[in-house]
1. I'd like the full set of residues that are small (Gly, Ala, Ser), without any contact (Cβ under 8 Å) to a residue 12 or more places away in the chain and in contact with a helix residue (DSSP H, G or I) (Cβ under 8 Å, 6 or more places away or on another chain), limited to segment 17-63.
2. I'm trying to understand the selection: among the residues of segment 47-66, which are surrounded by 13 or more Cβ atoms within 10 Å (Cβ to Cβ) and part of a loop (DSSP other than H, G, I, E, B)?
3. Report, by residue number, each residue of segment 143-177 that is closer than 19 Å to ARG125 by Cα and surrounded by fewer than 20 Cβ atoms within 10 Å (Cβ to Cβ).
4. Quick check, is ALA188 in the same structural domain as GLY270 (by TED's automatic domain parsing) and touching a Leu at 6+ places or on another chain (Cβ under 6 Å)?
5. Taking GLU87, is it acidic (Asp, Glu) and in the same structural domain as GLU318 (by TED's automatic domain parsing)?
6. Step by step: first the residues of segment 8-46, then only those that are within 12 Å of GLY58 (Cα to Cα) and in a helix (DSSP H, G or I), then the one that is farthest from the chain's Cα centre (by Cα). Which residue is that?
7. May I ask you to list pairs of residues, at least six apart or on different chains, whose Cβ atoms are under 9 Å apart, with the first in segment 217-229 being farther than 30 Å from SER170 by Cβ and the second being β-branched (Val, Ile, Thr)?
8. Pairs only if they're at least six apart or on different chains, beta carbon under 6 angstrom, first in segment 180-205 and part of a loop (DSSP other than H, G, I, E, B), second of a type in the set (Asp, Glu) and at pLDDT below 95; list them, first residue then second.
Amino acid sequence: MDEIRTVIAPPEAAGQRLDHFLATQLPGVSRSRVQLLLEQGDVRVDGVQPKPSLKLRGGEQIVITGQPHPAPLHAVPEDIPLDVVFEDADIAVVNKPAGMMVHAGAGQSDDERSRGTLVNALLHRFHALSSTGGDLRPGIVHRLDKDTSGLIIVAKNDAAHAALADLFSSRQIRKTYIALVQGSVERARGTIAADIGRDPLRRTRMTTRPTENARSAVSHYEVVRRLTTRFGKFTLVRVRIETGRTHQIRVHMASIGHPVVGDTLYGAAGQLTDQTAAQSKGARRKAEVERLRLGRNFLHAAQLEFQHPVTHKLLQLEAPLPPELEAFLVRIEETPASSPHSPAPHPRKKDEIDKMRKI
């Protein structure tokens with residue numbers, strides 16, 4: 001049963017709008033939620049249902065008899081281009097761009113949480129999706145972070161959704177990512193087996209430190225290439241994950257001292273600075289020092305391998321590095337034109353470029 005709350009408007013509230021006043025009197029309740037209470041008829045002023053714009057005189061008895069209950073959010077179709085890598089009657093595999101949320105977040109405003117998501121695009125493209133995830137997440141079996149690009153599997157019906165969920169829970173879906181991390185990773189390959197849980201102090205982060213809600217997480221990494229550049233040292237790694245914890249690769253790589261480039265949440269630099277220019281006597285002003293900002297995480301879901309949940313055919317799917325990541329790699333390695341005495345970089349071999357694109 002909802003708690004009944006009574007507020008007496010003080011004399012200094014005279015002239016204030018009712019909805020503005022209540023927003024200051026109800027802890028944790030925003031003005032939009034106050035307006036919901038008024039629309040629901042859960043507010044009485046001196047026994048009468050008021051309008052939100054009512055101007056107070058001071059001394060009124062205001063009784064709140066309910067809680068704000070926003071209407072359930074439903075994902076709506078939106079005409080957004082999709083890169084569909086595989087599709088049949090039961091599933092689809094989409095190459096999601098960085099910057100796109102997979103589905104809406106319940107804590108956002110109505111406009112923010114109902115526009116521009118992968119789910120909106122999927123509903124427009126496929127019309128019918130599995131209902132297992134509810135009205136907010138139709139078709140969604142697993143997720144990718146907003147700033148992570150790459151392959152994601154979508155279920156078109158509930159039977160396919162259930163079968164895919166079983167494949168994920170039994171770790172029968174092989175997921176491989178490519179990441180550029182800060183620093184030179186010493187070992188050519190390794191396994192990070194560290195439980196991951198919500199950081200109790202910074203709720204937007206996950207952590208490998210012991211927490212009550214920590215769950216097992218396993219990531220296998222392999223060095224593809226080490227880079228020594230004028231912006232510092234970096235390592236291009238291929239990472240295969242056995243589990244699918246929130247921010248798993250980002251947390252695991254940061255835990256061994258090599259955060260993903262661009263991932264400021266887990267300690268990566270917000271921008272890269274040309275260290276040779278910064279140390280040069282010729283760089284008289286800070287403006288002369290080149291700085292790079294990626295604007296996303298250098299993390300890409302590059303490969304998926306699994307048995308189709310209905311036909312049981314083995315699917316091996318790939319998504320090449322997106323152009324902005326390839327361009328970033330080229331940029332950090334190129335020699336600035338203003339340094340004629342610097343040795344020219346070795347050109348990439350064709351097979352190396354092809355390998356990087358297919359990772």
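1. Selection gives ALA23, SER30.
2. Within segment 47-66, PRO50, PRO52, LEU54, LEU56, GLY58, GLU60, THR65, GLY66 meet the criteria.
3. Within segment 143-177, ARG143, ASN157, ASP158 qualify.
4. Values: in the same structural domain as GLY270 (by TED's automatic domain parsing): yes; touching a Leu at 6+ places or on another chain (Cβ under 6 Å): no.
So ALA188 fails the test.
5. Details: acidic (Asp, Glu): yes; in the same structural domain as GLU318 (by TED's automatic domain parsing): no.
In short, no.
6. So the first thing to find is which residues in segment 8-46 are within 12 Å of GLY58 (Cα to Cα), and the list is 8-18, 21, 45-46.
Still in the list and also in a helix (DSSP H, G or I): 11-13, 18, 21.
Details: PRO11: 48, GLU12: 45, ALA13: 43, LEU18: 38, PHE21: 36 Å.
Per the stated criteria, the residue is PRO11.
7. ARG225/THR235; ARG225/VAL237; ARG226/VAL185; ARG226/THR235; LEU227/THR235; LEU227/ILE332; THR229/ILE332
8. Sorted first by the residue in segment 180-205, then by its partner, the pairs are ARG205/ASP199.
The values are calculated or read from the model by the stated rules, or taken from the named source; none is laboratory data. Treat the numbers as computed from the prediction; the structure is a model and nothing was measured. All Cβ positions, even for glycine, are placed from backbone atoms using ideal geometry, and neighbour counts span all protein chains on display.
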